[in-house]
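The values are calculated or read from the model by the stated rules, or taken from the named source; none is laboratory data. Please read these numbers as outputs of a predicted model, since none were measured by experiment. Neighbour counts run over all protein chains shown; Cβ positions are idealised from the backbone, glycine included.
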Amino acid sequence: MTVNQIIGDSQKQIYANFGKRFFAWMMAQSSSTYDKIVSERKRSLFANLQGKVLEIGPGTGPNLPYYPKDIHWIGIEPNPHMHSYLQKQAEKLGLNIDLRIGNAEWLDAEDNTIDTVVSTLVLCSVPNIDYTLQAILRVLKPGGRFLFIEHVAAPQGSLLRQLQSTIRPIWKVIGDGCHPDRETWIALEKAGFTSVNYERFDAKLPIISPHIIGIATK
């Protein structure tokens with residue numbers, strides 16, 4: 001390896017680290033705005049949670065206020081710059097959290113041990129959604145549930161879909177790998193869950209207005 005290669009790799013790491021730090025800060029500033037749009041849906045979706053709940057990509061912790069205090073919450077958050085925000089939110093709410101390093105394709109949990117997996121605005125940014133869904137199925141207990149709220153691709157042929165696809169390369173950089181035009185519902189239906197139930201709704205946001213909310217059961 002040459003000196004130039006070493007310097008080049010170091011610069012890439014610096015830029016990547018800055019991007020993750022900036023994204024964590026941006027999420028901390030903007031999550032409350034998004035939460036106002038989906039708060040009632042979250043409150044309904046997360047009702048009656050119990051046992052072990054594993055949240056993938058919990059970010060800065062916008063879902064924590066909706067969880068009962070008696071659950072065993074496990075968070076898999078790959079961006080280390082999110083962790084301080086998560087810890088502060090948990091302390092504010094009086095929650096004990098089990099925060100682990102990992103990613104959505106490799107979940108730090110044993111097979112068939114989790115009652116519920118939660119994902120909100122995560123499946124849009126995972127590198128391989130099929131691997132992620134298989135990881136979720138692996139850790140869920142038989143009959144366990146996967147709860148999700150995700151923005152998705154607009155209908156084929158629509159002006160918004162064209163815009164989503166055009167802006168995707170820039171959007172992925174700004175949004176830490178986010179795909180604005182991912183057909184997440186198709187991956188869910190093909191993953192191998194016993195049942196997948198979801199509904200569509202319009203979040204009235206630029207670019208990522210189309211959403212789905214639902215429950216997939218192992």
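Annotations for the structure displayed:
- Strands (runs of 3 or more DSSP E) wholly inside segment 139-218 containing at least 1 residues that are of a type in the set (S, T, N, Q) and in contact (Cβ under 8 Å) with a residue 40 or more places away in the chain: 210-217
- In segment 115-131, the residues that are under 17 Å from I213 (Cα atoms) and in contact (Cβ under 8 Å) with a residue 24 or more places away in the chain form Cβ pairs under 9 Å with partners that are part of a helix (DSSP H, G or I) and polar (S, T, N, Q), at six or more places apart or across chains, as follows: S119/T132; V122/T132; L123/T132; L123/T184; C124/T184; I129/T184.
Every residue, every condition in (1) out of contact with any helix residue (DSSP H, G or I) (no Cβ under 6 Å at 6 or more places or on another chain); (2) part of a loop (DSSP other than H, G, I, E, B); (3) more than 21 Å from F201 (Cβ to Cβ); (4) polar (S, T, N, Q), yes or no:
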| position | (1), (2), (3), (4) |
| --- | --- |
| G59 | no, yes, no, no |
| D70 | yes, yes, yes, no |
| I74 | yes, no, yes, no |
| D108 | yes, yes, yes, no |
| L123 | no, yes, no, no |
| A135 | yes, no, yes, no |
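- Filter result (modelled with pLDDT under 90, exposed (fewer than 13 other Cβ atoms within 10 Å of the Cβ) and among the small types (G, A, S)) within segment 13-60: A16, S30, S32
- Exactly one residue out of D176, D181 is of a type in the set (D, E), at pLDDT below 95 and under 16 Å from the mean Cα position of the chain (by Cα), and it is D176.
- Restricted to segment 138-154, and to residues there that are over 15 Å from Y198 (Cβ atoms) and in contact with a strand residue (DSSP E or B) (Cβ under 8 Å, 6 or more places away or on another chain), the residue that is surrounded by the fewest Cβ atoms within 10 Å (Cβ to Cβ) is G143.
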